[in-house]
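> Following this message is one structure expressed as structure tokens.
The values are calculated or read from the model by the stated rules, or taken from the named source; none is laboratory data. As the structure is a prediction and not an experimental result, all values here were calculated from the model. Here the Cβ positions follow ideal geometry from the backbone for every residue, glycine too, while neighbour counts run over all protein chains shown.
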Amino acid sequence: MVIVMKEGVSQQEIDFVIEKLHSVGAEAHVSQGEFMTVIGAIGDRENLLQLPFEAYPGVSKVIPVMKAYKMVSREFKPELTSIRVGAVTVGPKTFTIIAGPCSVESEEQVLMAARAARAAGATLFRGGAFKPRTNPYAFQGLGEEGLAILATAREETGLPIVTEVLDVRDIELVYRYADVLQVGARNMQNFLLLKELGFVDKPVLLKRGMSSTIEEMLMAAEYIAKEGNGDIILCERGIRTFETATRNTLDLSAVPYAREMTHLPIIVDPSHATGRRDLIQPLCRASLAVGADGVMVEIHPNPSEALCDGPQSLPLEDFKLLVEDLRPLAEFFKREI
């Protein structure tokens, strides 16, 4: 349930409610907005119903949370969440552009891409050091060497780093280098990994599974939030359908629908959704139009020689043109790139 506190509530009154929740074995998660403070209560329903919350000082009303996912729901937190990554904010007032190569291949390749991303207007830099591939003989990434190269790119450009963590055993290693830890589509329901990322004090970018429903994605986010890490960025990256014209089918309807269900930021990955660079620009426009909080785009200095996903990677000059194209549209929708 969600306990809505009165405007101007004191810290003493908030602490009193939290103490009462703890007395019946429930967890309390406080969310303080500009005008409203709410306390999310997670615990045994029967025990919670025994407490006369609305008689407590400072309590305005109690709202039952009907969703199976509670902490990431708009019922728990009506206001949209903004997430800080260094000096970057991902949320409802910005349109965040994340760019970089699918995989880290060399320091020269990464630095060229990072410099171009920064110059064009990207605010986060992505790159895969560990690559989960369908083909076990395909390039699997450089591992820690790749992470070190990404750190070098951050040092030179100032762009925070987004990179994927594949396994619970790699969390500590990736944590040392990354600013945002990404959970890929294939790992969206790796619940042990999600739970462990809930104890991490860095943002998590959670991609929708290729055959997962929106609710399943939100339930996956709940696994992370339940353990204490509420800095979660959701990513729509296309789902598997009968259509073969594109790599996956980009479900743009997921963005406004999820916006009604969750307070978490939602971005779109048109590169993995389509597998075609010629579709990136129109789908970035569409993502902005339907209310996405950003896009993640693959770029490469020489896509024809990329070790991974070359056909969906934009050449660096094309990425610059893409950002220039998006700026007036972002301004129209009162978003800042």
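> In region 72-81, how many are in contact with a Ser or Thr (Cβ under 6 Å, 6 or more places away or on another chain) and either over 10 Å from His263 (Cβ atoms) or hydrophobic (A, V, I, L, M, F, W, C) (or both)?
Within region 72-81, residues that are in contact with a Ser or Thr (Cβ under 6 Å, 6 or more places away or on another chain) and either over 10 Å from His263 (Cβ atoms) or hydrophobic (A, V, I, L, M, F, W, C) (or both) number 1.
> To continue, here is another question. Does Gly291 count as small (Gly, Ala, Ser), modelled with pLDDT of 95 or more and in contact with a helix residue (DSSP H, G or I) (Cβ under 7 Å, 6 or more places away or on another chain)?
Yes; evaluated as a whole, the condition is true for this residue.
> Still on this structure, please answer the following. For region 228-327, give me every one of the helices (runs of 4 or more DSSP H) that falls completely inside it and has 1 or more residues that are among the polar types (S, T, N, Q), crowded, with 20+ Cβ neighbours inside 10 Å and without any contact (Cβ under 8 Å) to a residue 40 or more places away in the chain.
Those helices (runs of 4 or more DSSP H) span 270-274, 280-289.
> Which ones in region 49-71 are farther than 26 Å from Thr262 by Cβ and not polar (S, T, N, Q)?
Leu51, Pro52, Glu54, Ala55, Tyr56, Pro57, Gly58
> Can you confirm whether region 29-40 contains a residue that is assigned to a loop (DSSP other than H, G, I, E, B), of a type in the set (A, V, I, L, M, F, W, C) and touching a helix residue (DSSP H, G or I) at 6+ places or on another chain (Cβ under 9 Å)? Working first, answer last.
As a first pass, look at region 29-40 and keep what is assigned to a loop (DSSP other than H, G, I, E, B): 33-36.
Within this subset, residues satisfying the condition of being of a type in the set (A, V, I, L, M, F, W, C) are 35-36.
Checking which are touching a helix residue (DSSP H, G or I) at 6+ places or on another chain (Cβ under 9 Å) leaves us with none.
Looking through region 29-40, none of the residues is assigned to a loop (DSSP other than H, G, I, E, B), of a type in the set (A, V, I, L, M, F, W, C) and touching a helix residue (DSSP H, G or I) at 6+ places or on another chain (Cβ under 9 Å).
> Scan region 100-112 residue by residue and report those that are in a loop (DSSP other than H, G, I, E, B) and surrounded by fewer than 21 Cβ atoms within 10 Å (Cβ to Cβ).
Ser106
> Could I ask something else about it? Given the residues Val17, Val9, Val24, Val38, which is the only one that is at pLDDT below 90 and surrounded by 14 or more Cβ atoms within 10 Å (Cβ to Cβ)?
Numbers: Val17 fails: at pLDDT below 90; Val9 fails: at pLDDT below 90; Val24 fails: at pLDDT below 90.
Among Val17, Val9, Val24, Val38, only Val38 is at pLDDT below 90 and surrounded by 14 or more Cβ atoms within 10 Å (Cβ to Cβ).
> Which condition number does Leu194 fail, the rest of (1) assigned to a helix (DSSP H, G or I); (2) surrounded by 24 or more Cβ atoms within 10 Å (Cβ to Cβ); (3) touching a Gly at 6+ places or on another chain (Cβ under 9 Å) being met?
The single condition Leu194 does not satisfy is (3).
> Residue check: is Met66 without any contact (Cβ under 8 Å) to a residue 40 or more places away in the chain and assigned to a loop (DSSP other than H, G, I, E, B)?
In short, yes.
> State which residue is nearest to Ala185 (Cα to Cα) when the search covers only region 268-289 and only residues that are touching a Lys or Arg at 6+ places or on another chain (Cβ under 9 Å) and hydrophobic (A, V, I, L, M, F, W, C).
Ala273
> Follow-up. Quick check on my filter: what residues within region 282-325 are farther than 22 Å from Gln140 by Cα and of a type in the set (A, V, I, L, M)?
Hits for region 282-325 are Leu283, Ala286, Leu288, Ala289, Val290, Ala292, Val295, Leu316, Leu321, Leu322, Val323.
> Could you please let me know if Gly40 is within 19 Å of Ala221 (Cβ to Cβ) and in the same structural domain as Asp318 (by TED's automatic domain parsing)?
Values: within 19 Å of Ala221 (Cβ to Cβ): yes; in the same structural domain as Asp318 (by TED's automatic domain parsing): no.
For Gly40, the condition - within 19 Å of Ala221 (Cβ to Cβ) and in the same structural domain as Asp318 (by TED's automatic domain parsing) - is not met.
> Still on this structure, please answer the following. I need the full set of residues from region 43-61 which are among the aliphatic types (A, V, I, L, M) and either in the same structural domain as Lys226 (by TED's automatic domain parsing) or without any contact (Cβ under 8 Å) to a residue 40 or more places away in the chain (or both), in order please.
Residues satisfying the conditions are Leu49, Leu51, Ala55.
> Continuing with this model, one more query. Could you look through region 85-99, keep only residues that are surrounded by fewer than 23 Cβ atoms within 10 Å (Cβ to Cβ) and either in contact (Cβ under 8 Å) with a residue 40 or more places away in the chain or aliphatic (A, V, I, L, M) (or both), and pick out the one that is farthest from Phe333 (Cα to Cα)?
Taking region 85-99 first, the residues surrounded by fewer than 23 Cβ atoms within 10 Å (Cβ to Cβ) are 85-89, 91-94.
Keeping just the survivors that are either in contact (Cβ under 8 Å) with a residue 40 or more places away in the chain or aliphatic (A, V, I, L, M) (or both) gives 85-88, 91-94.
Details: Val85: 23, Gly86: 25, Ala87: 22, Val88: 19, Gly91: 14, Pro92: 11, Lys93: 9, Thr94: 10 Å.
For region 85-99, the residue satisfying everything is Gly86.
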